[in-house]
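Student: Structure provided below as structure tokens; questions to follow.
The values are calculated or read from the model by the stated rules, or taken from the named source; none is laboratory data. All of these numbers come straight from a predicted model, not from anything done at the bench. Don't worry about glycine lacking a Cβ; one is built from the backbone with ideal geometry, like all the others, and counts go over all protein chains shown. With ligands, DNA and RNA removed, areas are computed over all heavy atoms of the protein, side chains included. Shrake-Rupley method; radii C 1.70, N 1.55, O 1.52, S 1.80 Å.
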Amino acid sequence: MRRAVGIGGLRRKEAERQALSRKGNELAQREIEKLQEQISLMKDNLEVFVREHQKDIRNNPVFRVQVQRMCQLIGVDPLASRKGYLAELLGVGDFYCELGIQIIDICVATRSMNGGLMDLDELRERLIRRRLKGSEPVVEDDIRRAINQLKPLSGGYRIVTFGKRKMVQSVAREMNSDQSTVLTLAEYTSKFNIEDVRVAFGWDEDRIHSCIDDMLRSGIIWIDSYNDAHPEYWVPAFFSQLFGGNFENRG
């Protein structure tokens, strides 16, 4: 008799658990539907806002960045498609496509000089000079977004960091950790020598020469053999800061 009551109690508890579970699912579904409605309303309001401020968005780079971040917060990517309604309203589809083409042009034209590595600020300066008077201003965030749009081309375009310096890499080549480490030595002077590497990192001769030879072959660094006993190695991608942005052959 007690066994029957025990089984009945278990069944009642299981029924209660299932009822609570169903109720919980119903409440969760209602919350999801409410959230979807709110997001849909926010997207509609965002579209109205963009239409009303389209000119300011195109002409004011700071405002443009703020609007795009607002888009991201509600899960809208205006760059997902050049034919997307927000991309069309913002004018960013054509803007970033044009900017991406200019970035490729500059990087290809300077690759023989810098080995496919360029200071981000230098690239921005070149873009500003290259663009027609009256074109939309360009800020770092614009360059980042344009470079992200180039990823499907598999050209290796990306932004990398050496110390505090932000660089644009434009070749499909992975730099190893030794190369990245050595380049930090040239962050402020644009140059280094073998002794600098040995003192800073305690590496042996084979490791140092292997790293330097790889960078010489790829064109990332140049060798100055004025002093054959202690040659210096220069990083052309860092020249813009050293020479105040007046390095020759600027695009």
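Student: Across the range 211-225, what is the number of residues that are in contact with a helix residue (DSSP H, G or I) (Cβ under 8 Å, 6 or more places away or on another chain) and surrounded by 15 or more Cβ atoms within 10 Å (Cβ to Cβ)? First the steps, then the outcome.
Tutor: Start the filter on the range 211-225 by keeping residues that are in contact with a helix residue (DSSP H, G or I) (Cβ under 8 Å, 6 or more places away or on another chain), which leaves 211-212, 214-215, 219-223.
In the following step, the residues that additionally are surrounded by 15 or more Cβ atoms within 10 Å (Cβ to Cβ) were identified as 211-212, 214-215, 219-222.
Count: 8.
Student: Looking for something touching a residue at least 24 places away in the same chain (Cβ under 8 Å), outside any helix (DSSP H, G or I) and within 30 Å of ILE208 (Cα to Cα) - is there at least one such residue anywhere in the range 97-112?
Tutor: No; the residues of the range 97-112 include none that is touching a residue at least 24 places away in the same chain (Cβ under 8 Å), outside any helix (DSSP H, G or I) and within 30 Å of ILE208 (Cα to Cα).
Student: What tally of residues in the range 49-66 results from selecting those that are modelled with pLDDT of 75 or more, part of a helix (DSSP H, G or I) and of a type outside the set (D, E, K, R)?
Tutor: Summing the residues that are modelled with pLDDT of 75 or more, part of a helix (DSSP H, G or I) and of a type outside the set (D, E, K, R) in the range 49-66 gives 4.
Student: Of (1) of a type in the set (A, V, I, L, M); (2) open to solvent by 80 Å² or more (accessible area, probe 1.4 Å); (3) modelled with pLDDT of 75 or more, MET42 satisfies all except one. Which?
Tutor: The one condition MET42 does not meet is (3).
Student: Counting only residues that are modelled with pLDDT under 90 and surrounded by 24 or more Cβ atoms within 10 Å (Cβ to Cβ), how many does the range 102-113 have?
Tutor: Qualifying residue count for the region: 0.
Student: Might you let me know whether the range 180-188 holds any residue that is aliphatic (A, V, I, L, M) and free of Cβ contacts under 8 Å to residues at least 24 places away in the same chain?
Tutor: yes
Student: Taking the criterion of being surrounded by 14 or more Cβ atoms within 10 Å (Cβ to Cβ), touching a Pro at 6+ places or on another chain (Cβ under 9 Å) and in a helix (DSSP H, G or I), would at least one residue in the range 189-196 satisfy it?
Tutor: yes
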